[in-house]
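The values are calculated or read from the model by the stated rules, or taken from the named source; none is laboratory data. What you see is a predicted model; the values in this text were computed from it and never measured. Ideal geometry is used to build each Cβ from the backbone, glycine not excepted, and the neighbour counts take in all protein chains shown.
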Amino acid sequence: MLKLMKQHRIFIITTLIVFGILLSFNILDNDDKKNKIIQDYLVQSLTEAHYLNKPINDDFSAEVYKLYLERLDYNKRFFIQEDISKFEKYKTKIDDEVKDENFEFFKLTDEIYKKRMKEVQDYIKSSLEKPFNFKTDESIEMDPEKRSYAKDRKELKNFWQAQLKYQVLIKLADKLQIQEDAKTRNDTVIQIKSYDELEKNCRAEVQKTYDDWFHRITKLDEDDNLSIFFNSITSSFDPHTEYFPPAAKENFDISMSGKLEGIGAQLMQPNAYIKVSKIIPGSPCWRLGEPKEGDLILKVAQGNAEPVDVVDMRLDEAIKMIRGKKGTEVRLTLKKPDGTIKVISLIRDIILIEETFAKSAVLEGNGKKIGYIYLPEFYADFDNRNGRRCSEDVEKEIIKLKAEHVDGLILDLRNNGGGSLQDVVDMVGLFIKKGPVVQVKPRYGTARTLRDDNANLLYDGPLSVMINEFSASASEILAAAIQDYGRGIIVGSPKSYGKGTVQQIIGFDNIIKGYDSYKPFGAVKLTTQKFYRINGGSTQLRGVASDIVLPDPYTLLEMGEKDMEYPIEWDEIAPSDYEKTYSVKNLKTLKSESLDRTLNDTSFTRLSEYSQLVKDNKDKTLQTLNLEKYRTEQKNRIAENKKFQNAGKRPSDLKFIMSKADSLSYSSDSTKLARFTGWFKDLKNDIYVDETFKITKDIDK
């Protein structure tokens, strides 16, 4: 999500408020009033404020129809041809239903979906009651795009029979292999069971998995499927426009700010019980020492209020009860792994998710010291003027590294999906004297150039920016600006993700007036602009090409913007008025030397071969249901994978050192020190960091 200029935001909200006044006369008394309010504002947001001037017509209807059925029943596990025939008449009528505030298509699909789910539960139970015959020469197609919907209930039952057989087959093959290996090692710890016992146990395990899955999925209500429908509407405009129900909006804000108010326990719900899966260091849970990982939460109470039973409650509802304002008390009734019951009291606090924030290290080798900064996302706390911002944090890390007298700097943006636009502009300004950074074009009007007008240059030394296929949006703006100015070298995958669009979050609670009793309404993340490089080209679909390409295991897979449904097209505009005031004089030599190193480094050369293996395995979607054939294929696959077990792995000869500032800061904090030590271990085996160090140390400006 990229933050827009203030005046553009005001325009959008003002526009929607005007439309809201008009709509309020259309929303009559109805059981579905809240859903109609949300849909009306959602559609008005799309038609009046989305970057594309896209009409709500039959083409729109067909796109929504396709997306919704794919998302509701992705694997074609529930609907049959009879159902699809009933749905088909709505294929070009969804636009009319949207305009008429009608949910007939949605209600029909929701009703039939729940009916088929109940039937499938019965199929699963009956199918798993009897042993499977794994000697027959059968197979199952795992790719739903290569399969049609079952023509009737009998064919659907046969599909589930094959699906369950395959899942039992996988477990059975694993257990047989474990027993065979135990016999070879004379391992008496592993209890040897007969084939029939193992097969029966595997069927029971699969049944338990589906019991838990159905238990969770039956907790979903109509609003959950309605969110799928609303997001099918938004996704027909572009992949990044999205409706957030209230809980999803809260989680999005947490991901962007890197903080939340609560107790610091990560939870999961494998069945009826809510289980503690992880404790965040430094949180109230961590400080108290309770709860512990593996504990079950039975009840939740606010202060001295009566406890509320959360067994069998939806996880998101329980989380709402556990989170709360800093300084407030929550009491949890826990069930320990040994069966004992314990009640604990916690005072909620602000939890900082440290993995969100920038951090740095000093890499030392070959007589050179290179500063390394890892930035997982372009975070910003938009609701708190004094909250953390990534540009300010990166500035602090650079200052720390400059104090270490580093000879160069690496900024790692791998897997960084983007974030705050203003922080990109400010961050580029740390590396250039001043000038344009990015062009932003709205739906109407001409592009506006966002500039860094601060002539103070924080760092002017050698610079490398690391990217991969998952570096997107804000990461691409920064990489493109550095590349266009010639300020540094882009190192990594052949190109970045290819997301060149700008999103704005619009909270419906702020703009929908007169319906307070129905709140909360959630929000929409809306694509309102496209951004362009200062050279005039868009990063949309094409991404940013690396100056020095390193072998990548995912090069042959489809995982960029161009592989998404209904992406906005690439185009270009006039370039900004800028001068390429920097240059890496020996780029050609650096590229040649890096290529020589990677071609002679088996850790890299095996990655290129592994990339083909990954693609071949992904493309093989027809799976055997014959046990012996499956085990033979698995042995061959394991043997093939063993050839690549060291691909992409090699301990570096570099020293990874904490800056003096960090060392002083963390000397009294054992948790942060342990986290940094673990991070250094990961870095030491990262061949991309190692190679980027070798490139950066030789940059000649």
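Things worth noting here:
- Total residues in segment 233-253, condition touching a Ser or Thr at 6+ places or on another chain (Cβ under 9 Å) and at pLDDT below 80: 1
- Single residue of Ser227, Ser235 found to be crowded, with 21+ Cβ neighbours inside 10 Å and either among the aromatic types (Phe, Trp, Tyr) or within 24 Å of Gly418 (Cβ to Cβ) (or both): Ser235
- Of everything in segment 338-377 that is among the polar types (S, T, N, Q) and touching a residue at least 12 places away in the same chain (Cβ under 8 Å), the residue that is nearest to Phe656 (Cα to Cα) is Ser360.
- Scanning segment 83-99 turns up one or more residues that are at pLDDT 95 or above, over 29 Å from the mean Cα position of the chain (by Cα) and among the aromatic types (Phe, Trp, Tyr).
- Search result, residues across segment 307-337 that are touching a strand residue (DSSP E or B) at 6+ places or on another chain (Cβ under 9 Å) and without any contact (Cβ under 8 Å) to a residue 12 or more places away in the chain: Asp309
Yes/no matrix, rows are residues, columns are (1) over 21 Å from Lys694 (Cα atoms); (2) β-branched (Val, Ile, Thr):
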position: Ile353; (1), (2): yes, yes
position: Val362; (1), (2): no, yes
position: Glu377; (1), (2): yes, no
position: Gly418; (1), (2): yes, no
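- Subset tally (residues that are in contact (Cβ under 8 Å) with a residue 24 or more places away in the chain, more than 30 Å from Asn586 (Cα to Cα) and not β-branched (Val, Ile, Thr)) for segment 659-673: 4
- Taking the criterion of being modelled with pLDDT under 95, crowded, with 19+ Cβ neighbours inside 10 Å and of a type in the set (D, E, K, R), the residues of segment 547-566 that qualify are Asp552, Glu561.
- Considering residues of segment 519-546 that are surrounded by 23 or more Cβ atoms within 10 Å (Cβ to Cβ) and among the charged types (D, E, K, R) only, the residue nearest to the chain's Cα centre (by Cα): Lys530
- Restricting segment 468-498 to residues that are in contact with a helix residue (DSSP H, G or I) (Cβ under 9 Å, 6 or more places away or on another chain) and either closer than 21 Å to Leu401 by Cα or basic (Lys, Arg) (or both) leaves a set whose member that is surrounded by the most Cβ atoms within 10 Å (Cβ to Cβ) is Leu478.
- All positions within segment 331-361 that are closer than 30 Å to Lys697 by Cβ, assigned to a strand (DSSP E or B) and not hydrophobic (A, V, I, L, M, F, W, C): Lys359, Ser360
- Count of segment 152-163 residues which are in contact (Cβ under 8 Å) with a residue 60 or more places away in the chain and in a helix (DSSP H, G or I): 7
Residue by residue, here is whether (1) surrounded by 16 or more Cβ atoms within 10 Å (Cβ to Cβ); (2) basic (Lys, Arg); (3) under 30 Å from Glu197 (Cα atoms) holds:
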| site | (1), (2), (3) |
| --- | --- |
| Tyr65 | yes, no, no |
| Lys86 | no, yes, no |
| Thr92 | no, no, no |
| Thr109 | yes, no, no |
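Here is a yes/no grid of residues against (1) of a type in the set (Ser, Thr, Tyr); (2) modelled with pLDDT of 90 or more; (3) out of contact with any Asp or Glu (no Cβ under 8 Å at 6 or more places or on another chain):
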{"residue": "Lys649", "(1), (2), (3)": "no, no, yes"}
{"residue": "Arg675", "(1), (2), (3)": "no, no, no"}
{"residue": "Phe680", "(1), (2), (3)": "no, no, yes"}
{"residue": "Lys684", "(1), (2), (3)": "no, yes, yes"}
{"residue": "Lys697", "(1), (2), (3)": "no, yes, no"}
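The rows are residues; the columns are (1) hydrophobic (A, V, I, L, M, F, W, C); (2) loosely packed, with under 12 Cβ neighbours inside 10 Å; (3) touching a residue at least 40 places away in the same chain (Cβ under 8 Å).
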{"residue": "Arg631", "(1), (2), (3)": "no, no, yes"}
{"residue": "Asn636", "(1), (2), (3)": "no, yes, no"}
{"residue": "Ala639", "(1), (2), (3)": "yes, yes, no"}
{"residue": "Lys643", "(1), (2), (3)": "no, no, no"}
{"residue": "Asp653", "(1), (2), (3)": "no, yes, yes"}
{"residue": "Arg675", "(1), (2), (3)": "no, no, yes"}
{"residue": "Gly678", "(1), (2), (3)": "no, yes, no"}
{"residue": "Asp690", "(1), (2), (3)": "no, no, yes"}
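- Some residue of segment 567-577 being among the hydroxyl-bearing types (Ser, Thr, Tyr), modelled with pLDDT of 95 or more and part of a strand (DSSP E or B): no
- Test: residue in segment 62-76 that is within 24 Å of Lys33 (Cα to Cα), in a helix (DSSP H, G or I) and of a type in the set (Phe, Trp, Tyr): yes
- Filter result (touching a residue at least 60 places away in the same chain (Cβ under 8 Å) and buried (at least 23 other Cβ atoms within 10 Å of the Cβ)) within segment 399-410: Leu401, Gly408, Leu409, Ile410
- Segment 164-181 residues that are in contact (Cβ under 8 Å) with a residue 40 or more places away in the chain, paired with ones that are among the acidic types (Asp, Glu) and not in a helix (DSSP H, G or I) (beta carbon under 9 Å, 6 or more apart): Lys165/Glu138
- Cβ-Cβ under 6 Å pairs, at least 6 apart or on other chains, segment 54-77 side over 18 Å from Ile568 (Cβ atoms), far side of a type in the set (D, E, K, R) and surrounded by fewer than 18 Cβ atoms within 10 Å (Cβ to Cβ): Ala62/Lys91; Tyr65/Lys91; Lys76/Arg147
- Within segment 118-132, residues that are of a type in the set (Val, Ile, Thr) reach partners that are surrounded by 13 or more Cβ atoms within 10 Å (Cβ to Cβ) with beta carbons closer than 6 Å, at six or more positions or on different chains, in the pairs Ile124/Tyr210.
- Restricting segment 499-518 to residues that are of a type in the set (Ser, Thr, Tyr) and out of contact with any strand residue (DSSP E or B) (no Cβ under 8 Å at 6 or more places or on another chain), the residue that is surrounded by the fewest Cβ atoms within 10 Å (Cβ to Cβ) is Ser517.
- Subset of segment 182-203 [under 30 Å from Met117 (Cβ atoms) and in contact (Cβ under 8 Å) with a residue 60 or more places away in the chain]: Glu199, Lys200, Arg203
- Leading residue by the ranking (surrounded by the fewest Cβ atoms within 10 Å (Cβ to Cβ)) among those in segment 578-621 that are of a type in the set (Ser, Thr, Tyr) and within 13 Å of Pro551 (Cβ to Cβ): Thr602
- Counting only strands (runs of 3 or more DSSP E) that sit wholly inside segment 434-510, those with at least 3 residues that are more than 19 Å from the chain's Cα centre (by Cα) and at negative phi are 435-442, 448-452, 463-467, 489-492.
- Strands (runs of 3 or more DSSP E) wholly inside segment 253-309 containing at least 3 residues that are closer than 30 Å to Ala358 by Cβ: 259-262, 265-268, 274-279
- The set of residues from segment 362-392 being of a type outside the set (D, E, K, R) and assigned to a loop (DSSP other than H, G, I, E, B) comprises Asn366, Gly367, Leu375, Pro376, Tyr379, Phe382, Asn384, Asn386, Gly387.
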